[in-house]
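The values are calculated or read from the model by the stated rules, or taken from the named source; none is laboratory data. Because the structure is predicted, anything quoted here is derived from the model rather than measured. Here the Cβ positions follow ideal geometry from the backbone for every residue, glycine too, while neighbour counts run over all protein chains shown.
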Amino acid sequence: MGGVIATVERHSLAERAGMRSGDELVSINGHSLRDVVDVRFYSAEKHLLLRGSRDGREFVVEVERQYGESLGLAFAQPTFDGIRRCNNRCNFCFVAQMPAGLRRSLYVKDDDYRYSFLFGNYVTLTNLGELDWARIEEQHLSPLYVSVHATEPDLRRRLLSNPAAPGVMGQLCRLASLGIEVHTQIVVVPGINDGSHLERSIDDLATLYPAVRSVSVVPVGLTRFHRGGCRLHTRVEVRAVFERVTACQARWRERLGVGFVYLADEWYLRLGQEVPPAVAYDGLDLTENGVGLVRRFLNSGSWIGNLRSEIPEPGTVTLVTGALFAPLLRRVALRLAGVDVMPVINRFFGQTVTVAGLLVGQDVVAQLRERRLGDVVALPPAMFGGPEGRTLDEMSPPEIEDALGRPVVVAGWGS
């Protein structure tokens, strides 16, 4: 095992050790390296014996680490022994709803607790062995992010389509006993884990507070490539989930002093409800799960200045976003002269997909060509991901600019 070095920070410990981009770091103080977690853990000692490989030749170097000093290395991949794949077959799995022809990484059904620790990815814990549990304890991999969906064992196995899935409450209790902080999520599938099942899951998880710090309640998302087995919420069902969760939140806030359970922004936007103030999120950053992102946007005006700096006065701008966020963005943009908000309908994944993060370049180009545009087109950064900063259908901002015949900037607003 070992990790291929992508970059070496200047004036860092690794540079002093003579390490270069393209080298492979094999071990630290005799410990083989499975991932960057191991690198961080084993490089915490003052005296380091680094074993590496360059052009097929092994080398060893000894260095002294100053207090608080990191190695200064970035690796080509965060895990050196591959990525742990998911052993579940959820009907609502978004990866399974991807059409052919997109970037390869979008088809990887990862369920790797190391990615949960490193990047906040939600995992199910259904593929852990005793060696994994021992490592979580030894290296204190906290916090972790866990997809629960339901605390009732049989219902959760049904949702995961995995009859061998262990009981999640037992696993969460074990993490709590190890001092591991956990953030959880429940993807609500109408008619399956909503209603009293949802309330029971929230209440079960609250018994493990503060080890379980939060529950994010997220609506199921389905593309036109969904093969069946799930459906989207009706407006009546959205209202029912909203009212049940807000009632649970009020009850647990009274008992715990925090809200504990938090609705994803989509519930508020679909009902036309005001999102909560920042204080209602109790200092937690759950925006990667779609919770509190709108409030962050509303409380930050920096994107306006950044946008204006890109546009020569008195130029006009077309703000592009998804259908869900467009009404709120229009309301905010009313105070900005020369700004027009243009929602793009997601024809690629289907009109039920309404967030900006899943807009593709071909839809943006096709629909904006039919409209009168401002002097500059501003695209949401959520459209562009991956190492190359491209859309899901592999278009870059300059390529969209060429196709539209208009300058394109990427400006900061949410989904």
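Tabulated data for the structure shown
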{"read-out": "Subset tally (residues that are in contact with an Asp or Glu (Cβ under 8 Å, 6 or more places away or on another chain) and more than 19 Å from ASP81 (Cα to Cα)) for segment 102-125", "value": "4"}
{"read-out": "Helices (runs of 4 or more DSSP H) wholly inside segment 84-194 containing at least 3 residues that are closer than 22 Å to VAL39 by Cα and free of Cβ contacts under 8 Å to residues at least 40 places away in the same chain", "value": "113-119, 130-139"}
{"read-out": "Residue that is nearest to VAL291 (Cα to Cα), among those in segment 114-146 that are out of contact with any Gly (no Cβ under 9 Å at 6 or more places or on another chain) and among the polar types (S, T, N, Q)", "value": "ASN121"}
{"read-out": "Failed item, numbered, when GLN66 is tested on (1) out of contact with any Phe, Trp or Tyr (no Cβ under 9 Å at 6 or more places or on another chain); (2) surrounded by fewer than 14 Cβ atoms within 10 Å (Cβ to Cβ); (3) modelled with pLDDT of 90 or more", "value": "(3)"}
{"read-out": "Segment 354-400, subset part of a loop (DSSP other than H, G, I, E, B), of a type in the set (A, V, I, L, M, F, W, C) and touching a residue at least 40 places away in the same chain (Cβ under 8 Å), residue farthest from LEU232 (Cα to Cα)", "value": "LEU373"}
{"read-out": "Qualifying positions in segment 355-371 - in contact with a Ser or Thr (Cβ under 9 Å, 6 or more places away or on another chain) and of a type in the set (S, T, N, Q)", "value": "GLN362"}
{"read-out": "Filter result (under 23 Å from ARG270 (Cα atoms) and surrounded by 18 or more Cβ atoms within 10 Å (Cβ to Cβ)) within segment 358-383", "value": "LEU358, LEU359, VAL360, ASP363, VAL364, LEU379, PRO380, ALA382, MET383"}
{"read-out": "Some residue of segment 304-312 being assigned to a helix (DSSP H, G or I), in contact with a strand residue (DSSP E or B) (Cβ under 7 Å, 6 or more places away or on another chain), modelled with pLDDT of 85 or more and closer than 30 Å to GLY283 by Cα", "value": "no"}
{"read-out": "Within segment 15-39, considering residues that are free of Cβ contacts under 8 Å to residues at least 60 places away in the same chain and part of a strand (DSSP E or B), the one surrounded by the most Cβ atoms within 10 Å (Cβ to Cβ)", "value": "LEU25"}
{"read-out": "Count - residues of segment 221-275 that are part of a helix (DSSP H, G or I) and among the polar types (S, T, N, Q)", "value": "2"}
{"read-out": "Segment 326-344, residues that are touching a Gly at 6+ places or on another chain (Cβ under 9 Å) and in a loop (DSSP other than H, G, I, E, B)", "value": "GLY338"}
{"read-out": "Search result, residues across segment 226-257 that are of a type in the set (A, V, I, L, M, F, W, C) and free of Cβ contacts under 8 Å to residues at least 60 places away in the same chain", "value": "VAL236, VAL238, ALA240, VAL241, PHE242, VAL245, ALA247, CYS248, ALA250, TRP252, LEU256"}
{"read-out": "Every pair of residues 6+ apart whose Cβ atoms lie under 8 Å, when the first sits in segment 212-225 and is modelled with pLDDT under 95 while the second is aromatic (Phe, Trp, Tyr)", "value": "GLY221/PHE92; GLY221/PHE94; LEU222/PHE92; THR223/PHE94; THR223/PHE349; ARG224/PHE349; PHE225/PHE349"}
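Per-residue answers, yes or no, for (1) crowded, with 18+ Cβ neighbours inside 10 Å; (2) assigned by TED's automatic domain parsing to the domain that holds ARG158; (3) within 27 Å of LEU131 (Cα to Cα):
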| position | (1), (2), (3) |
| --- | --- |
| GLU45 | no, no, yes |
| LEU50 | yes, no, yes |
| PHE59 | no, no, no |
| GLU62 | no, no, no |
